Amino acid sequence: MSEERSVFSKIVSGEIPATLLADTERVIAFPDIAPQAPVHILIVPKTEEYHNVVELAAGDPDLLAEVIAVAKSLAEEHTGGEFRLVFNTGASAGQTVFHVHAHLLGGALAEGTLAGA
Ligand code: 5GP
């Protein structure tokens, strides 16, 4: 664990407010503060042990599966069941928060966004 806690850990603990759209034993989800699609939800493991999806897949594949299951469930509720799931991995790929998280994106994406195209 780094001494500097991530912004997402502060959301998990309630120090930073967020509207929780899902809250399981190990995962939370809330709207991105700077949405880049009509639906833009972050799905975040409560632990900050894993910095990116590669570490998460290697260290706790069941937790990665839970992130994806929560994404599916939220997509059924918010995007008609079809969605894009993005894990930015590394600063040059656009990652700014090094506490693993999935971006659930639904609806038409704006130009020059996470879609990358
Ligand atoms: P990354 O760039 O690391 O893939 O994604 C981090 C995301 O976290 C960004 O899309 C950013 O808008 C979002 N974000 C950063 N700080 C906050 C916050 O305090 N609240 C919420 N809801 N989203 C945040």
Could you tell me whether Ala93 is closer than 27 Å to Gly107 by Cβ and surrounded by fewer than 13 Cβ atoms within 10 Å (Cβ to Cβ)?
yes
If you go through the range 10-24 one residue at a time, how many are part of a loop (DSSP other than H, G, I, E, B) and free of Cβ contacts under 8 Å to residues at least 12 places away in the same chain?
5
Residue among His103, His51, His99, His78 that alone is surrounded by 13 or more Cβ atoms within 10 Å (Cβ to Cβ) and touching a Gly at 6+ places or on another chain (Cβ under 9 Å)
His78
Count of the range 22-38 residues which are within 16 Å of Val86 (Cα to Cα) and away from the ligand (no atom under 13 Å from the Cβ):
1
Scan the range 71-95 for residues that are within 16 Å of Glu55 (Cα to Cα), without any contact (Cβ under 8 Å) to a residue 40 or more places away in the chain and under 13 Å from the mean Cα position of the chain (by Cα) and report the count.
4
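Every read-out reported here was derived from the displayed coordinates using simple, explicitly stated rules and does not represent laboratory data. The structure displayed is predicted, hence computed values, not measured ones. Cβ: placed from backbone, ideal geometry, glycine included. Neighbour counts: every protein chain shown.
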